[in-house]
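Asks: Here's a structure for you.
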Amino acid sequence: MKKSIAKIAIILSALFFVGNKAQAQCDTIANLCAKHIINSFISDGQTYRALLLNPEETAEFHTTFFGETVYRIAACSGMTDGNLTFYIYDQENNLLFSNKDQKNAPYWDFKVKSTIDDIRIEAKLDPINAGSGCAVILIGFKEGKSAKK
């Protein structure tokens, strides 16, 4: 009985350590990724994160894009740019953009003409340059007069 309790305590301690390490790693990547949300953009206040264990896994995030707004999506995994491929789909599953054909560019700027509900952003580790395993997506926007440029 004492051995079982000791084993459970060791396993729980290991899980706690791994969880904290993964969280700290994601925090570091989010901070690095934030450099792409430059001063002319305002963060939407969210940090979309997922732990991907291999390039076959896909993280999925949902948001709404509001009409007449300029957005920037930044996508990061690892300590360098270009490790994360992201895809943006509308509510009808139409692909709006992918950075795959853009050499995994770490961000994309675009203007939405009218509001689009239920945007789905999928992120995958690049199979050649897999990064950290922590996928981070940040969204910034321009409001007011700056959105009309």
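Readers should treat all values here as calculations from the given coordinates under stated rules, not as data from a laboratory. Keep in mind it's a predicted model, so treat the numbers as computed, not measured. Cβ: placed from backbone, ideal geometry, glycine included. Neighbour counts: every protein chain shown.
Listed here are the residues, each with its yes/no results for (1) under 16 Å from residue 26 (Cα atoms); (2) of a type in the set (Val, Ile, Thr).
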residue: 49; (1), (2): yes, no
residue: 89; (1), (2): no, no
residue: 101; (1), (2): no, no
residue: 113; (1), (2): no, no
residue: 128; (1), (2): no, yes
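Asks: Can you tell me which residue is farthest from the chain's Cα centre (by Cα) among those in segment 89-123 that are in a strand (DSSP E or B) and small (Gly, Ala, Ser)?
Replies: The qualifying residue farthest from the chain's Cα centre (by Cα) is 98.
Asks: Being under 21 Å from residue 40 (Cβ atoms), of a type in the set (Lys, Arg) and out of contact with any helix residue (DSSP H, G or I) (no Cβ under 9 Å at 6 or more places or on another chain) is the filter here, so list the residues in segment 70-103 that pass it.
Replies: Those that are under 21 Å from residue 40 (Cβ atoms), of a type in the set (Lys, Arg) and out of contact with any helix residue (DSSP H, G or I) (no Cβ under 9 Å at 6 or more places or on another chain): none in segment 70-103.
Asks: Could you list all residues from segment 56-81 that are in a loop (DSSP other than H, G, I, E, B) and either surrounded by fewer than 16 Cβ atoms within 10 Å (Cβ to Cβ) or small (Gly, Ala, Ser) (or both)?
Replies: 56, 57, 58, 66, 67, 68, 77, 78, 79, 80
Asks: While we're here: Within the set of pairs 6+ apart or on separate chains, which have a first residue in segment 105-119 that is touching a residue at least 40 places away in the same chain (Cβ under 8 Å) and of a type in the set (D, E, K, R), a second that is crowded, with 16+ Cβ neighbours inside 10 Å and outside any strand (DSSP E or B), and C-beta atoms under 9 Å apart?
Replies: 111/147
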